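Read-outs: derived from the displayed coordinates by stated rules, not from any lab. Note that this is a predicted model, so its numbers are computed, not measured. No Cβ is skipped: glycine too gets one built from the backbone with ideal geometry, and neighbour counts run over all protein chains shown.
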Amino acid sequence: MSRLSVSLPGLNMKNPILPASGCFGFGKEYAKWYDLSVLGGVTIKAATLEGRFGNPTPRVAETESGMLNAIGLQNPGVRNIIENELPALEKYNIPILANIAGSTEEEYIEVTRQISASPLVSAVELNISCPNVKEGGIHFGTDYKSAADLTRKVKDVSKKPVYVKLSPNVSNIVEMAQAVEEAGADGLSMINTLVGMKLDWRTGNPILANKTGGLSGPAIKPVAIRMIYEVSQKVSLPIIGMGGVSTAEDVLEMMSAGASAVAVGTANFVNPYVCPEIIEKLPELLDEIGMENISEMTGRSTKQWKTPLSSR
Amino acid sequence: MSRLSVSLPGLNMKNPILPASGCFGFGKEYAKWYDLSVLGGVTIKAATLEGRFGNPTPRVAETESGMLNAIGLQNPGVRNIIENELPALEKYNIPILANIAGSTEEEYIEVTRQISASPLVSAVELNISCPNVKEGGIHFGTDYKSAADLTRKVKDVSKKPVYVKLSPNVSNIVEMAQAVEEAGADGLSMINTLVGMKLDWRTGNPILANKTGGLSGPAIKPVAIRMIYEVSQKVSLPIIGMGGVSTAEDVLEMMSAGASAVAVGTANFVNPYVCPEIIEKLPELLDEIGMENISEMTGRSTKQWKTPLSSR
Amino acid sequence: MRKHLLKVTSNREIARNIYEMKLTGPGVGSMTTPGQFLHVSVGNQSSKLLRRPLSICDVDHDQEEVTLLYRAQGEGTKQLSQKQARELVDVLGPLGNGFDMDAIAVNKRALLIGGGIGVPPLYYLGKHLKKKGIEVTFILGYQSVEDSFYVEKFQAIGETIVTTVDGSLGIKGFVTDAMGACVEDEPVIYSVGPAVMLKAVEDRAGGLDGYLSLEERMGCGIGACFACVCPTETRKSGYVKICSDGPVFKMGEVVL
Amino acid sequence: MRKHLLKVTSNREIARNIYEMKLTGPGVGSMTTPGQFLHVSVGNQSSKLLRRPLSICDVDHDQEEVTLLYRAQGEGTKQLSQKQARELVDVLGPLGNGFDMDAIAVNKRALLIGGGIGVPPLYYLGKHLKKKGIEVTFILGYQSVEDSFYVEKFQAIGETIVTTVDGSLGIKGFVTDAMGACVEDEPVIYSVGPAVMLKAVEDRAGGLDGYLSLEERMGCGIGACFACVCPTETRKSGYVKICSDGPVFKMGEVVL
Ligand SMILES: Cc1cc2nc3c(=O)[nH]c(=O)nc-3n(C[C@H](O)[C@H](O)[C@H](O)COP(=O)(O)OP(=O)(O)OC[C@H]3O[C@@H](n4cnc5c(N)ncnc54)[C@H](O)[C@@H]3O)c2cc1C
Ligand SMILES: Cc1cc2nc3c(=O)[nH]c(=O)nc-3n(C[C@H](O)[C@H](O)[C@H](O)COP(=O)(O)OP(=O)(O)OC[C@H]3O[C@@H](n4cnc5c(N)ncnc54)[C@H](O)[C@@H]3O)c2cc1C
Ligand SMILES: Cc1cc2nc3c(=O)[nH]c(=O)nc-3n(C[C@H](O)[C@H](O)[C@H](O)COP(=O)(O)O)c2cc1C
Ligand SMILES: Cc1cc2nc3c(=O)[nH]c(=O)nc-3n(C[C@H](O)[C@H](O)[C@H](O)COP(=O)(O)O)c2cc1C
Ligand code: FES
Ligand code: FES
């Protein structure tokens, strides 16, 4: 147990940092840049039952302090992932969080059944919030009842703890979180991307072939912090926080808001070394504020309340 | 009729640019910087029935490419505004859009009754989307039925066209827009701020005394563009677009998405001259793309569809 | 009121994380009143949107040069500290109402009390008061000797008492711990610092005349956004805007 | 694969909005293959998050200097064009697979076809092929004479045919309009440009051997995000990633 270690259902992490789903492929690309065993864990790209090609390109666009993506859940299909992608990750000996997507309840259930049975998978992350494919689960992600039903059914077949990944594109994130908690989720991942769009002002055409896409990056961090803050006070599930994290300071901010672990997405594109750099910096920051264990950061914001500004 | 002029219910504007509510006070401060008569119009700070002090400070925080505010609808009350603030704007001879807030239906109705009767007011903007006060109307803004009811009642008493200002913090912005359209709104203003939060990572405390605040600025522009794009295809009301606009290019992007006029908020704080600078730049940009009248920009994105990228 | 593009003539660290930035340009001509501030843009095309309010610390009208002293603390001021000579800095100002120097009688003494980065505006103020023939005493509070700056420059204007929290320079303690003897001859008090310090100064001053310069997070900086209000019992509206009604207020006027 | 902080040695406009940036640093040592690219960060602490893929245009291994040519078009490249000598630029690379130069027989000619900012990588490629003893012909397409660059430098390597859309330099028309005579002796074709141009080149080439370098908007640039895929009928997966499987593909391999 080091001062950075955190423990969540199925995920015993030596530090709270893991790459976010879809921003790290299946790990092998970043493995060319650094030794993945330094990570607290890794979230792999969404798996669907059959392989999917995804949306036409362009699939990404840049926005102020953020980016839009409309990949469309491209992946080689769950069988392929289990057989060809997961084994390469085994040697790093870090928890693997398998992101699961589908168009129908049956698809989610079957993917979960298969992938949760892999001894290499530590937990599954139910992606009911992909905004980029019509049948990508976003309807499960914005309707409480469907989300709860799906969670229940997936829990029934899953051999590993189930994290439900919430969409921020909802009127009431707390009710959604409560619904999936009641349905038996073991944890929450939040947030997925905000639905956004960018047009070329010269032509009036959308930049993305899919027209709309998911907004990620520092631009959305305030929304993520707020949602984690609100949800963590109303549910007792551990939260894997994400959305715009790119520095060690962001990690501590997000944990203070209520996250138990933190996933880093878009920032990997800006700096492929961002995860190890954050991990290396964390102890320094803990020292600076006189905190021994990082796990104590979780939910600090709701445990105390002092007037700010006067701190200088 | 110049090439920049646009015409919306109650708002005959010589150009599509107006400052957004809450970012321009009642005009007199910016009048020290430039002649307000260059503007297409002006939106004044929210009016409530009685004067309000608003939230404790700090009320603003900075985020990546954005800011949070939790002003809390501070204003001197509708009587005061009519008597002391509006007359100073008369000499600029530009349309005045009066933003209206309240805690109860009765308050909205009474404020509308009073302010819409002022000959200086061209139209009213129903703020059912202020995230910063418990009783600031956000409950009207996230529930279709309350929004529609309120719109209907306000329309009944208003002597001027009514624009309903929508909250982006909803699962389905289109349904909300359709609900207020059916209820008789003359136009839409969108978007208000996204609810967000920032914590001091050192202490874990929120920066804002109100804890959460409204996120504005370039960070939210992709969300605004997407919502305007979606809504403009499903309702026939004119839209005053806003959210992160800070350049003339942004204005044309937002009009392409479906806006008929564009409000500029946060950018005024970055550059007090931003509105006149945008207005001056617009004809240049229209020339560059060979467009004669700016009103033709509205909704271009949905009228054509070419593959991008190949444009270089 | 205007926006100016001023040119950096120098920008150097003069104490731990404290930078002295000198800027030049025609706009400097209007910066005549101590206690006013500039609303400073920290970078172009940057993700830091909001301007930073920084007090005018000194003005050399012959050279058209204004001096700002700031602590590189958060992201914005750190970015500012990277500016090199000849780069341009976009500022609004001078903004706000400075210190009222007409109100002080020539036979009065002035006691200028500043804590941390509240110290800078006292320099320009002290120079002005001295020029008016007022005898000036400074009480300057720092964390420790490494954080102290401009002490000799203040000494050149008037008696200068330094306090440090850790006792590494001058009196150990807070500015208020040094006020005792200084208030005996009933000076007019001018104080700048965080709200807690101003409150303590006001309490210690026990009814003397004085002026306080307040701080608050700002949006527009010009009175339009209501970000920077402070409650008051002396005005009908019930509040003042620090950016445009202040940042300087008569002692007792605002509720700290 | 690595991230490098390279130092700008020069950055100047060589044609309308076209900049030539030279960068130096130890990282340059690994940049040996024509057709590879660098993933370039346009600014620090900036609101522009995504890197810009820019092709290696030339490398001087003695000087440890790499040359990039880019069009300052959007916000990011405009920001890049502001970089001064001695500033640092953060780049990933070299990334991707470059042109296969082993496949070409020594008695073959090479026809290198580039349009607009597809031209830069052909320079390094041409130099390499010439060094191998291959005779090289270039067809370079520009909008107009003001947009043309490096023409004399290409002429120093091999025969260079220029086309401009407005006819202000060389042949009026597109690169494909100049291909006719050049393909008669069945050269190996190497082409870089927008998809529409590559498609036209492929059609004109009528079955000749060749290589195409593709362009697509990228996220990671290293194969992890699936932003830059292109359909293919020749691989089981049904797609290739332009950043890591390409950007260079054998003609016919991908569906344009
Ligand atoms: C009228 C006035 C005069 C001032 N004069 C000086 C001076 O001469 N020298 C100096 O060093 N400082 C001065 N300050 C404080 C200075 O404005 C802040 O230290 C600075 O804005 C912090 O910016 P940052 O980039 O370091 O912090 P960040 O945390 O990046 O700032 C984020 C946002 O919060 C605001 N903010 C953060 N801390 C403060 C604060 N203490 N007061 C006001 N806003 C804050 C910033 O302006 C910005 O909008 C003055 C403040 C005011 C109101
Ligand atoms: C493998 C490869 C090699 C390239 N080599 C060169 C080169 O040597 N010289 C050169 O001038 N250009 C080259 N390009 C194109 C260059 O990447 C774009 O022109 C550049 O990214 C545009 O950035 P911007 O800041 O001007 O535009 P912005 O509109 O600000 O860019 C916004 C986002 O879109 C992306 N983008 C916009 N246009 C393009 C485009 N045409 N292709 C790919 N991404 C785009 C940007 O990378 C960025 O992520 C190459 C592209 C690829 C894929
Ligand atoms: C290119 C890209 C692909 C993504 N793919 C997935 C995915 O397959 N499954 C998923 O649950 N989330 C996906 N996401 C969302 C991220 O996991 C993450 O929730 C979001 O990007 C916010 O974090 P960030 O701001 O750190 O990127 C993707 C994000 C990006 C940018
Ligand atoms: C400081 C501040 C105060 C605001 N006050 C109001 C208000 O009183 N009424 C209202 O409808 N919107 C208010 N808004 C929202 C803006 O009018 C606008 O909808 C939002 O800021 C998005 O635009 P922007 O990104 O250009 O700022 C306020 C925004 C800010 C930043
Ligand atoms: S900062 Fe906007 S009113 Fe003071
Ligand atoms: S850019 Fe990410 S896979 Fe190619």
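The count of lysine pairs in the stretch D:1-153 with alpha-carbon distances below 19 Å, taking only pairs 8 or more places apart or on different chains, stands at 20.
Can you give the average number of partner chain beta-carbon atoms within 10 Å of each beta-carbon in peptide B:169-175, as a whole number? Write out the running numbers ahead of the final one.
Details: counts 8, 5, 10, 4, 2, 0, 0.
Mean partner-chain Cβ count within 10 Å for B:169-175: 4.
I'd like the antiparallel share, as a percent to the nearest 5, of DSSP beta bridges with both residues in the protein assembly as shown.
Details: 105 of 205 bridges.
Bridges in the protein assembly as shown are about 50 percent antiparallel.
Size estimate for the stretch A:165-312 follows the Kirkwood approach: the inverse of mean 1/r over distinct Cα pairs works out to 16.6 Å. Cross-link pairs exceeding 26 Å between alpha carbons, from the set A:LYS45/D:LYS236; B:LYS160/C:LYS241; A:LYS211/B:LYS45: B:LYS160/C:LYS241; A:LYS211/B:LYS45. The Rg/Rh ratio for the stretch D:3-95 is 0.92, where Rg is the radius of gyration of the alpha carbons and Rh is the Kirkwood radius. In sequence order, the stretch D:73-83 has phi-based couplings of 10, x, 4, x, 5, 4, 4, 4, 5, 7, 5 Hz under the Karplus curve 6.51 cos²θ - 1.76 cosθ + 1.60, θ = phi - 60°, and Gly or Pro positions carry x. Residue-level result for chain D: its Cβ closest to the axis carrying D onto C, with that distance in Å, is D:SER47, 2. Within the same chain, lysines fewer than 8 places from B:LYS155 are excluded, and of the rest, those with a Cα less than 16 Å from its Cα are B:LYS145, B:LYS165.
What average count of beta carbons from other chains do you get within 10 Å of the Cβ of residues in B:14-26? Don't skip to the end; give the middle numbers.
Numbers: counts 0, 0, 0, 0, 0, 1, 0, 0, 4, 4, 3, 8, 1.
Shielding by partners across B:14-26 averages 2.
Could you work out how far helix C:195-205 tilts from the main Cα principal axis of chain C, as a 0 to 90 degree angle to the nearest 10? So the helix axis and the longest Cα principal axis differ by about 30 degrees.
Mean Kyte-Doolittle of at least -1.0 plus a Cα span of 15 Å or more along the axis: flag which DSSP H helices in chain A meet both, please. Write out the running numbers ahead of the final one.
Details: long enough: A:105-116 (16 Å, -0.97); A:144-157 (20 Å, -0.73); A:221-234 (20 Å, -0.14); A:274-288 (21 Å, 0.17).
Once both thresholds are applied, what remains is A:105-116, A:144-157, A:221-234, A:274-288.
Between this copy and the others, label points of A:SER7 are 7.3 nm apart in ascending order, each placed 7 angstrom from Cα in the Cβ direction. Per-residue ellipticity at 222 nm from helix content only, as computed over chain D with -39500 (n - 2.57) for each DSSP H run of at least four residues, stands at -4000 deg cm²/dmol.
Could you give the C-alpha radius of gyration of the stretch A:54-163 expressed as a fraction of 2.2 N^0.38 Å, taking N as the number of residues it contains? Write out the running numbers ahead of the final one.
Details: Rg = 14.9 Å, N = 110, 2.2 N^0.38 = 13.1 Å.
Taking N as the residue count of the stretch A:54-163, the ratio is 1.13.
Have a look at the DSSP beta bridges in the stretch A:147-284 and tell me what percent are antiparallel, nearest 5. Spell out each step's value before the answer.
On the way: 5 of 14 bridges.
Antiparallel bridges: around 35 percent, rounded to the nearest 5.
Please give me, ordered by residue number, the GluC sites (Glu not before Pro) of the stretch D:124-212 that lie in loop per DSSP and have at most 10 other Cβ atoms within 10 Å.
Listed in order of number, the matching sites are D:GLU184.
Amide H contacts of D:TYR211 (H built 1.01 Å from N, in plane; Pro and chain starts excluded): D:ILE189, D:TYR190, D:SER191, D:MET251 sit under 5 Å, all sequence-distant by 5 or more or on other chains.
A convex hull fitted around the alpha carbon atoms of the stretch D:216-256 yields 60 Å³ per residue.
Here's the list of lysines a cross-link from C:LYS199 could span, going by alpha-carbon distance under 16 Å and ignoring same-chain residues fewer than 8 apart: C:LYS250.
With all pairs of separate Cα atoms included, the stretch C:49-204 yields a Kirkwood hydrodynamic radius of 16.6 Å.
Summary for B:LYS91: label point 7 Å along Cα→Cβ; distances to the equivalent points in the other copies, ascending, 7.9 nm. Mean per-residue shielding of peptide A:213-220 is 6, counting Cβ atoms of other chains within 10 Å of each Cβ. The base-10 log of I(q)/I(0) for the protein assembly as shown, evaluated at q = 0.05, 0.08, 0.09 Å⁻¹, reads -0.36, -0.92, -1.15 [Debye formula, identical scatterers on Cα atoms, solvent excluded]. At q = 0.07, 0.12, 0.14 Å⁻¹ the log10 of I(q)/I(0) for chain B amounts to -0.24, -0.74, -1.02, computed by Debye summation with a single uniform scatterer per C-alpha, solvent ignored.
By the gyration tensor of its Cα atoms, with a ≥ b ≥ c the square roots of the eigenvalues, what is the shape of the stretch B:22-68: rounded for a/c under 1.5, prolate for a/b over b/c, or oblate? It is oblate, given that a/c is not under 1.5 and a/b is not larger than b/c. Distances between copies of D:GLY167, taken at a point 7 Å out from Cα along the Cα→Cβ vector and listed shortest first: 9.1 nm. Rounded, prolate or oblate: which one fits the stretch B:1-41, using the alpha carbon gyration tensor with axes a ≥ b ≥ c (rounded when a/c is under 1.5, else prolate when a/b beats b/c, else oblate)? Because a/c hits 1.5 or more and a/b fails to exceed b/c, the stretch B:1-41 counts as oblate. When shorter helices are ignored and each DSSP H run of at least 4 residues is given -39500 (n - 2.57), the per-residue value for chain B at 222 nm works out to -8000 deg cm²/dmol.
For the peptides C:21-30, A:41-50, what is the packing order when you average, over each peptide's residues, the other Cβ atoms within 10 Å and list the highest mean first? List each step's numbers first, then the result.
On the way: C:21-30: 17.9, A:41-50: 24.9.
Packing order, densest peptide first, comes out as A:41-50, C:21-30.
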